[in-house]
1. Using the beta-carbon distance between Asn96 and Lys59 and R0 = 22 Å, what value does 1/(1 + (r/R0)^6) give for FRET efficiency, to the nearest 0.05?
2. Compute a Gaussian network model of the chain, connecting alpha carbons closer than 10 Å, and tell me which residue from Gly127, Gly142, Gly14 fluctuates the most.
3. Distance between Cα centroids, the stretch 84-124 to the stretch 32-60: provide it in whole Å.
4. Using only the Cα atoms, work out Rg/Rh for the chain, with Rh taken as the Kirkwood radius, to two decimals.
5. Are there any trypsin sites (Lys or Arg not before Pro) in the stretch 1-80 that are in a DSSP loop and have at most 13 other Cβ atoms within 10 Å? List them by number.
6. Compute the relative contact order of the chain as a whole-number percentage, counting only Cα pairs closer than 8 Å that sit 6 or more residues apart in sequence.
7. How large is the accessible surface per residue of the stretch 1-74, computed with a 1.4 Å probe and reported in Å² as a whole number?
8. Among 80-88, 111-119, how do they line up from the highest to the lowest mean number of other beta-carbon atoms within 10 Å?
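The values are calculated or read from the model by the stated rules, or taken from the named source; none is laboratory data. All values reported here derive from a predicted model rather than from experimental measurement. Quick reminder, even Gly has a Cβ in these numbers, built from the backbone with ideal geometry, and neighbours come from all protein chains shown. Note: accessible area is taken over every heavy atom of the protein model, side chains too, but ligands, DNA and RNA are not part of it. Shrake-Rupley method; radii C 1.70, N 1.55, O 1.52, S 1.80 Å.
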Amino acid sequence: MSYYIIIRGPLGSGKSTISEKLTHTLDAKHIHMDDVLEKHDLDKIPPDAPCIPAENFIKANDIVFPEAKQRLDTGKIVIFDACFYHKEVIEHLVQNLPYEHYIFTLKAPLELCVQRDNDRHKTHGEGAAAAVHSLVSRFDYGTNVDATGDLESTFKD
């Protein structure tokens, strides 16, 4: 049975950690959208904008659709991992991948997200964490998941 999962949430909420665990457990394909944005030079914030524009994320969606569709058509599971702070980007993904899907929003307080970011090898900084937390928190989408505990517990829940 093929389906896809979208894991969204603020920077430092545990999206990548949980996505990687799910990928291994479900023998799925993990698509880390930040990598797609960076690889295609779509991760730039224009000087007059507060964040990466939705159209850049939609271009990234368009880039990954062929591989995602191919995997879904052959019965595989695909996991998308990103902040998804533009609702229209999620809706674009859902409209263009007409397969069963599940969407989860990870919830964690800003202080915890900043702490987790600080513990990484490559940090983004408190300012970036606060900005992304604010953007993601503007709306909920799918099932909310409390990610305030350790990520192993969050994964099991």
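1. E(calc), rounded to 0.05, equals 0.95.
2. Gly127
3. 14
4. Rg/Rh for the chain comes to 0.94.
5. Lys44
6. Worked out over the chain, it gives 38 percent.
7. 51
8. Ranking, from highest mean packing down: 80-88, 111-119.
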